[in-house]
Each structure stands twice: as structure tokens, then as C-alpha cells.
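Visitor: Sharing a structure with you now.
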Amino acid sequence: MVGVGRMVRVKGVQDGSIAEELGIVPGTELVSVNGRELADFLDWEFLTADDELVIEARLPDGEAIIYEIERPEGESMGVELEPPTIRRCANRCEFCFIEGLPKGLRKPLYVRDDDYRLSFAYGNFATLSNLKDRDIARILEYRLSPLYISVHATPWEARKVLLNNPKVPNIVEQLNKLAGGGIQFHGQMVIVPGLNDGEVLEESFRDLWALDEAVLSVAIVPVGLTQFSHLYPGKSMDRANATTLLETVDRWADRARAERGHAWVYGSDELYLLAERPLPDADYYSDFPQIENGVGAVAALRMRVREGLSSLPRLDGRRIGVVTGVSMKGIMPELLDQLSSATGALFQMIVVENSLFGPTTTTAGLLVGADIRGALADRHDLDLALIPAECINDNGVFLDDEPFITMREQLTMPVYPSYDFIDVLVHEGEPRVAGVAA
Ligand code: SF4
């Protein structure tokens with residue numbers, strides 16, 4: 001008899017897949033695999049890795065069914081599951097970016113997820129504060145590695161204060177259990193001056209260093225407070241704090257390079273910009289372990305531009321606007337000069353302030369549709385405009401819920417989202433197809 005407890009529901013089935021052959025359709029509830037109940041996508045992924053499977057399911061019309069199959073090696077089941085219920089975080093961090101969000105943004109932005117499953121599957125950072133013993137057992141059994149962990153501080157008392165959560169578990173014990181089971185992780189520490197810099201940071205580095213190969217990389221990220229942040233009343237990050245932090249990072253990175261062959265700890269790009277220090281070259285970042293976290297993104301951009309210049313067509317005399325955030329003001333001219341020399345086009349940097357989050361939010365990737373539209377509205381002198389692609393999500397919507405397509409229709413020049421200029425400019429020598437945007 002098919003159980004009635006936990007299950008996962010099918011969202012889609014691939015054509016020609018095993019699931020389709022079995023008659024699994026969207027809406028089917030998958031209840032167990034080889035006698036083990038399914039709680040989420042992880043159970044499904046890992047339990048169906050066996051070749052011989054007994055799958056209990058319930059079809060959308062309520063019919064209970066048991067499939068006994070032998071799965072050919074390497075062939076996937078072809079099932080897409082409905083997204084899991086996301087685990088919410090139990091903290092109220094001093095620096096929480098979500099707490100600092102204004103109203104009216106894309107709804108998913110307000111979800112405070114803290115979910116080790118998403119950490120493994122998508123590289124989302126998790127604090128592990130809501131981890132139960134059974135979760136740790138599961139991480140070890142399924143070997144969910146590497147994880148992305150928001151460590152912030154290892155001294156227990158400091159972490160309780162930072163996360164505003166007196167019940168937060170001792171992360172050193174948690175990390176030791178994970179490391180003991182062969183789990184590796186990338187860590188991040190968002191530094192709030194006065195709370196987890198200085199001796200707390202030193203102790204945190206010592207604890208993480210002691211975990212040896214379990215710690216793949218550590219990112220040091222300065223706290224970013226928007227004009228809406230209201231929890232943390234203390235000091236914000238300034239040039240002096242950023243400089244001191246980078247000195248600490250350098251000391252540990254030197255040690256790591258000497259003893260372990262790679263830098264191990266990295267300051268985020270923003271930290272270098274705040275300290276007004278030159279950003280390291282691409283080879284500093286090994287394989288860019290935390291580029292999604294803003295660590296080495298500028299170096300990677302410089303590298304992609306350098307390597308892409310020879311592929312660009314001549315664009316003599318074209319006037320191209322490049323929209324960016326305040327933090328890139330000092331970085332951009334050198335890149336635009338190179339693009340100009342390679343193509344003959346005239347590039348103009350258009351620095352846009354973030355009216356929604358406030359002047360302290362200077363990252364290009366957080367620019368909102370309204371600000372970009374405002375900056376380009378009267379620029380009839382431009383033949384083309386490039387905007388940061390990071391501002392737009394997979395559904396083509398800016399953070400302020402403005403669809404890119406709406407903005408593009410309101411502007412007179414062609415506008416393209418671009419990650420590294422090359423991705424768009426390489427096509428500019430080609431004849432335009434009406435209505436097709438990059
Ligand atoms: S863990 Fe902290 S920063 Fe992350 S969502 Fe929760 S309160 Fe915000």
C-alpha cells in the first residue's frame with residue numbers, strides 16, 4: 001500500500017524519458033524509493049541513483065501505483081520536481097540585506113532562505129543555524145559537498161550577537177562534524193566593524209584554518225547597509241576599516257600560499273574598492289572560487305575583455321553608452337579605452353546612483369530599472385547602450401519589478417544587457433535582425 005505521509009510532486013516529465021515510459025505525468029506524487037520516504041528533491045536525486053528501483057507513487061487521479069524498474073546505467077529518470085518549500089532563516093542578522101530592502105521589489109527577494117539543500121544545489125549561502133542532527137546526518141549520508149556556509153564568526157558569543165539569535169548552535173562543533181564526514185565548504189564572513197573584526201576575526205581564521213582541507217575558501221565581505229537598514233546602529237565600513245581588514249586577509253593568505261599553495265582567504269572586490277587599493281590580477285584568484293560572491297569579479301571582467309578584444313568588429317564612430325554603478329567609476333575608464341582602441345567606437349561611461357537603496361549601495365548589479373531608464377531617457381546622442389546584465393533576473397525583470405522589455409521599448413536607442421561588453425559588441429558588426437535583442 002502506498003503511504004500517505006511525505007512525498008514530492010512532479011512538475012514536468014522529459015520527452016522520451018524513463019518517467020514518461022512509466023506513465024509518470026505532472027502532478028504525480030512520488031512517495032518512496034526502495035522503501036524510503038521522499039521528503040524533498042535530495043531524497044529523489046540520491047535514492048534514484050541506484051540501478052534497481054521500487055518507486056511508490058500516486059497518480060493525479062488518486063491511483064496508487066508501484067513501479068519496479070531497472071534503470072540503465074547513466075540514464076536519468078527525466079523528472080522535474082516542484083520546487084521545495086524553502087527553509088526560512090531563524091536569525092535577525094545585524095546586517096541582513098533583506099531587512100534593509102525597501103518595499104515594492106520582486107517578491108522572492110524578501111524570502112529569507114537559510115537552507116543547506118539550496119547551499120548544495122545552487123551555492124546559496126546558509127548559516128546552518130536551523131540545522132538539526134538529522135540534517136547533519138543527511139548531509140553526511142548524501143555527501144552534500146561542497147556547501148556554502150555563512151560563518152561570519154566562529155566564537156559562539158560573537159556569532160549570537162551578529163546573527164541576533166541567542167539559540168544559534170555552536171558552528172565550530174557543526175563544522176567539525178561536517179569536516180569529520182568528509183564535507184568541504186566555502187565560507188563567507190560579512191564583517192561588521194566592532195562586532196566580528198579584530199580578535200573575533202583572528203579567532204575565526206584560526207578555527208577555520210584548523211579544519212584544514214575542509215575549508216576550500218573564505219571570503220571576507222564588508223557589511224553593506226542600504227538606507228533602509230535599521231537593525232545595526234553601530235559603525236559602517238569605511239576606508240580605514242577596509243584597509244585593516246585587507247591587511248589581515250593578506251597575512252593569512254600569505255601563510256596559506258606558503259603552506260597550502262593557494263590564497264585560501266580572499267577579500268571581496270568591494271573591500272578593495274573601499275580601501276582604495278588596486279584589485280589583484282586574475283591569477284590571484286585561482287579558479288575564482290567565490291566569484292558569485294563578488295570576489296574576483298573585476299579581475300575576471302578585465303581578463304574577459306582583454307581576451308575578447310581581438311574578436312571585436314570595427315565600429316568606427318559609433319557612440320556607445322555604458323551604464324554602471326558608482327563603485328565601478330574608477331575601474332571602467334581603462335576597460336572602455338581598450339574597447340575604444342580595438343573598435344574605433346566612442347564609449348561613454350554613464351554612472352548611475354541607486355535611488356532606491358540609497359547612495360551607500362554602489363554595486364552595478366543592484367541598479368534598478370527606473371534609475372537606468374532615467375539615465376538613458378534623454379540620451380538621443382547614443383547609437384547603443386549597454387547595461388549590467390546582472391541587474392536583470394532570468395525572467396527579464398529588474399529588482400524593482402520593472403521588466404527589461406518595457407524599459408527597452410521606452411528608450412530611443414537599442415539597449416542590451418551585457419556581462420562583459422564583448423558578449424554584445426562581438427555581434428555589432430553583423431546586420432541587425434528587426435525585433436531581436438541580445
Ligand atoms: S541569515 Fe541573517 S542575513 Fe541571512 S537572511 Fe537570515 S537574517 Fe538575513
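The values are calculated or read from the model by the stated rules, or taken from the named source; none is laboratory data. Owing to the predicted nature of the structure, the values given are computational and were not obtained by experimental measurement. As a convention, Cβ positions derive from the backbone with ideal geometry for all residues, glycine included, and neighbour counts pool all protein chains shown. Ligands, DNA and RNA are excluded from the accessible area calculation, which covers all protein heavy atoms including side chains. Shrake-Rupley method; radii C 1.70, N 1.55, O 1.52, S 1.80 Å.
Visitor: Please quote Rg/Rh for the chain to two decimal places, taking the Kirkwood radius as Rh and restricting both calculations to Cα atoms.
Guide: Ratio of gyration radius to Kirkwood radius: 1.01.
Visitor: Compute the FRET efficiency between Arg239 and Glu353 as 1/(1 + (r/R0)^6), taking r as their Cβ-Cβ distance and R0 = 25 Å, and round to the nearest 0.05.
Guide: The computed FRET efficiency comes out at 0.80.
Visitor: For the range 302-390, place one equal point scatterer on every Cα, skip the solvent, and apply the Debye formula. What is log10 of I(q)/I(0) at q = 0.13 Å⁻¹?
Guide: Taking Cα atoms of the range 302-390 as identical point scatterers yields -0.44.
Visitor: Using the Karplus curve 6.51 cos²θ - 1.76 cosθ + 1.60 with θ = phi - 60°, work out ³J(HN,Hα) for each residue of the range 246-259 in order, rounded to whole Hz, and write x for Gly and Pro.
Guide: So the J values, rounded to whole Hz, are 5, 5, 5, 4, 4, 4, 6, 5, 4, 4, 5, 4, 5, 9.
Visitor: Determine the gain in length on full extension of the stretch Glu157-Tyr284; use 0.36 nm per residue of separation and subtract their C-alpha separation, reporting nm with one decimal. Walk me through the numbers on the way to the answer.
Guide: Values: separation 127, 0.36 × 127 = 45.72 nm, distance 3.37 nm.
Extra length available between Glu157 and Tyr284 comes to 42.4 nm.
Visitor: In terms of modelled amide H atoms, which long-range or inter-chain residues lie less than 5 Å from the amide H of Glu80?
Guide: Under 5 Å from the amide H of Glu80: Lys11, Gly12, Val13, Gln14.
Visitor: Go ahead and estimate [θ] at 222 nm for the chain from helices alone: -39,500 (n - 2.57) per DSSP H run with n ≥ 4, summed, over the residue count, rounded to 500.
Guide: Roughly -8500 deg cm²/dmol at 222 nm, from the helical runs in the chain.
Visitor: If R₀ is 30 angstrom, what is the calculated FRET efficiency for the pair Arg255 and Arg143, using the beta carbon separation as r and rounding to 0.05?
Guide: In this case the efficiency is close to 0.55.
Visitor: By average Cβ neighbour count within 10 Å, what is the ranking of 102-113, 370-381, 147-158 from highest down?
Guide: 147-158, 370-381, 102-113
Visitor: Still on this structure: Given a Förster distance of 41 Å, report the FRET efficiency between Lys177 and Arg71 from their Cβ-Cβ distance, rounded to the nearest 0.05.
Guide: That pair, Lys177 with Arg71, gives E of 0.80.
Visitor: Per the Kirkwood definition applied to all pairs of different Cα atoms, how many angstroms is the hydrodynamic radius of the range 41-197? List each step's numbers first, then the result.
Guide: Working: mean 1/r = 0.0555 Å⁻¹.
The answer is 18.0 Å.
Visitor: Related question: With all protein chains present, how much of the accessible area of the chain (probe radius 1.4 Å) comes from carbon and sulfur, to the nearest whole percent?
Guide: Here carbon and sulfur together make up 51 percent of the probe-accessible area.
Visitor: Taking only the C-alpha atoms, wrap a convex hull around the range 343-438 and report its volume per residue in Å³ as a whole number.
Guide: It is 106 Å³ per residue.
Visitor: Provide the gained length on full extension for the span Ala39 to Asp423, in nm with one decimal, where the gain is 0.36 nm per separating residue minus the Cα-Cα distance.
Guide: On the way: separation 384, 0.36 × 384 = 138.24 nm, distance 4.13 nm.
Gain in length upon complete extension: 134.1 nm.
Visitor: Considering only Cα-Cα distances, which of the following residue pairs are longer than 23 Å: Lys160/Lys235; Lys107/Lys132; Lys11/Lys132?
Guide: Result: Lys107/Lys132; Lys11/Lys132 exceed 23 Å.
Visitor: Could you order the peptides 187-198, 282-293 from most to least packed, using the average number of other C-beta atoms within 10 Å per residue?
Guide: Highest mean packing first, the order is 187-198, 282-293.
Visitor: Per residue, how much accessible surface does the range 340-390 expose to a 1.4 Å probe? Answer in Å², no decimals.
Guide: That works out to 39 Å² for each residue.
Visitor: So, one more: Taking only the C-alpha atoms, wrap a convex hull around the range 14-62 and report its volume per residue in Å³ as a whole number.
Guide: Looking at the range 14-62, the number lands at 86 Å³ per residue.
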